[in-house]
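Okay, structure first, notes after.
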């Protein structure tokens, strides 16, 4: 593994420790500076840093200010954390179909999931691939739905020249170890809506309006109504620490360097698998309207050329001593928690599910089938290129063998 956390991060951590102030305090310190730099980077008015990407996702959803039992449309296929954030905030996830080539939320799948309780759409830019935001925003506008973007895997991705995370009412990013930049754990939310910002911080700061002393410069439209000290809402303690902020600030300055390293790894995959029988490289690679920045690079088995699943091909490679990743178990509603909800007809917090909300197998069949055909390769900037090439070549050899054997 190549080093991607080095002396600069160590120096920043040392500065925090020597200050004897490890938690966030007002407008001074690394967390505040990180928020300022993020705001400049994305061109957004408000940024709030949190202790994890999962916390950021939950707080972002809570920041919409919906009512208990309101429904949020989510893509059926992606990591489970976005849907868990919907549940934790008191709402009901309703899963919609995905594009089988990208596993991104399909605009055509949204209208059929809309009910009288639908209030928002959660877009996940999965694997670092930009979702089709124009179509999604048009549908959201037609049905008066709010849009939030989960960009945990999608730094520096562009849709029609605009950064993902800047289309909807708010967006969240993760700083977990595997992401484009990291503070070990961590996350942040960006928004231009002062009401969302206030709700986010109250939810993440034990109901206290930390923005009374955190905002720089002073923003009276946010402060109004919170001039006194107190707890104004229910809230968790999801604050980012100064230790995390120190590392995150240094990492933010390295993102272009890291992006360059990721592109080199993507090139290895695309060069080795070019013209490989039974293989489809990432669809957004050929889409002129998008500029992906892959968190992982999704390769698919072509169902028109092979009946094998990703799991079966992975097992073939294992016999040769090479482990592939395979994306066979991350259809959200097939996870145990949602199957339990399907049986009990209530959320983990006791809210009843409407009769029309289903988590039965087959409700998003295109996504289920596509997930079984998808093999994601890590293109983390700290990864050894030779290790990646070994994996990719093992897949190529397996597919050539299957092709020759008929």
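Among the residues of region 339-369, how many are in contact with a strand residue (DSSP E or B) (Cβ under 8 Å, 6 or more places away or on another chain) and either under 27 Å from residue 310 (Cα atoms) or surrounded by 12 or more Cβ atoms within 10 Å (Cβ to Cβ) (or both)? Before you say what the answer is, go through the steps one by one.
Kept after step one, since they are in contact with a strand residue (DSSP E or B) (Cβ under 8 Å, 6 or more places away or on another chain), are these residues of region 339-369: 345-347, 351-354, 357, 359, 363-364, 366-368.
Retained after the next criterion (residues that are either under 27 Å from residue 310 (Cα atoms) or surrounded by 12 or more Cβ atoms within 10 Å (Cβ to Cβ) (or both)): 346-347, 351-354, 357, 359, 363-364, 366-368.
Within region 339-369, residues that are in contact with a strand residue (DSSP E or B) (Cβ under 8 Å, 6 or more places away or on another chain) and either under 27 Å from residue 310 (Cα atoms) or surrounded by 12 or more Cβ atoms within 10 Å (Cβ to Cβ) (or both) number 13.
Given 15, 9, which one is out of contact with any strand residue (DSSP E or B) (no Cβ under 8 Å at 6 or more places or on another chain), surrounded by fewer than 14 Cβ atoms within 10 Å (Cβ to Cβ) and in a helix (DSSP H, G or I)?
Numbers: 9 fails: surrounded by fewer than 14 Cβ atoms within 10 Å (Cβ to Cβ).
Step by step, each of 15, 9 is checked, and only 15 is out of contact with any strand residue (DSSP E or B) (no Cβ under 8 Å at 6 or more places or on another chain), surrounded by fewer than 14 Cβ atoms within 10 Å (Cβ to Cβ) and in a helix (DSSP H, G or I).
So which of 249, 265 is crowded, with 20+ Cβ neighbours inside 10 Å, modelled with pLDDT of 95 or more and within 30 Å of residue 304 (Cβ to Cβ)?
Exactly one residue qualifies, and that residue is 265.
How many residues does region 233-248 hold that are part of a loop (DSSP other than H, G, I, E, B) and either in contact with a helix residue (DSSP H, G or I) (Cβ under 6 Å, 6 or more places away or on another chain) or not assigned by TED's automatic domain parsing to the domain that holds residue 199 (or both)?
Taking region 233-248 as the starting set, the residues that turn out to be part of a loop (DSSP other than H, G, I, E, B) are 233-236, 238, 240-241.
Then drop every residue that is not either in contact with a helix residue (DSSP H, G or I) (Cβ under 6 Å, 6 or more places away or on another chain) or not assigned by TED's automatic domain parsing to the domain that holds residue 199 (or both), which leaves 233, 235, 238, 240.
Residues meeting the conditions: 4.
Rundown of residues vs (1) within 26 Å of residue 31 (Cα to Cα); (2) in a strand (DSSP E or B); (3) in contact with a strand residue (DSSP E or B) (Cβ under 6 Å, 6 or more places away or on another chain), yes/no style:
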{"site": "130", "(1), (2), (3)": "no, no, yes"}
{"site": "134", "(1), (2), (3)": "no, no, no"}
{"site": "137", "(1), (2), (3)": "no, no, no"}
{"site": "140", "(1), (2), (3)": "no, no, yes"}
{"site": "147", "(1), (2), (3)": "no, yes, yes"}
{"site": "154", "(1), (2), (3)": "yes, no, no"}
{"site": "165", "(1), (2), (3)": "yes, no, yes"}
{"site": "173", "(1), (2), (3)": "yes, yes, yes"}
{"site": "182", "(1), (2), (3)": "yes, no, no"}
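Collect the residues in region 71-117 that are surrounded by fewer than 24 Cβ atoms within 10 Å (Cβ to Cβ) and assigned to a helix (DSSP H, G or I), keeping them in residue-number order.
Within region 71-117, 81, 84, 87, 88, 107, 108, 109, 111, 112, 113 qualify.
Using the structure shown, decide if residue 40 is over 30 Å from residue 261 (Cα atoms) and either without any contact (Cβ under 8 Å) to a residue 40 or more places away in the chain or not in a helix (DSSP H, G or I) (or both).
Working: over 30 Å from residue 261 (Cα atoms): no; either without any contact (Cβ under 8 Å) to a residue 40 or more places away in the chain or not in a helix (DSSP H, G or I) (or both): yes.
No.
Scan region 211-232 and tell me whether some residue there is outside any loop (DSSP other than H, G, I, E, B), surrounded by 20 or more Cβ atoms within 10 Å (Cβ to Cβ) and under 20 Å from the mean Cα position of the chain (by Cα).
Scanning region 211-232 turns up no residue that is outside any loop (DSSP other than H, G, I, E, B), surrounded by 20 or more Cβ atoms within 10 Å (Cβ to Cβ) and under 20 Å from the mean Cα position of the chain (by Cα).
Might you let me know whether region 271-286 holds any residue that is closer than 17 Å to residue 25 by Cβ and either in contact (Cβ under 8 Å) with a residue 60 or more places away in the chain or outside the structural domain of residue 189 (by TED's automatic domain parsing) (or both)?
Step one: list which residues in region 271-286 are closer than 17 Å to residue 25 by Cβ, which gives none.
No - not one qualifying residue is present in region 271-286.
The values are calculated or read from the model by the stated rules, or taken from the named source; none is laboratory data. Everything numeric here is computed off the predicted structure, so don't read it as measured data. Positions of Cβ are backbone-derived with ideal geometry, glycine not excepted, and every protein chain shown enters the neighbour counts.
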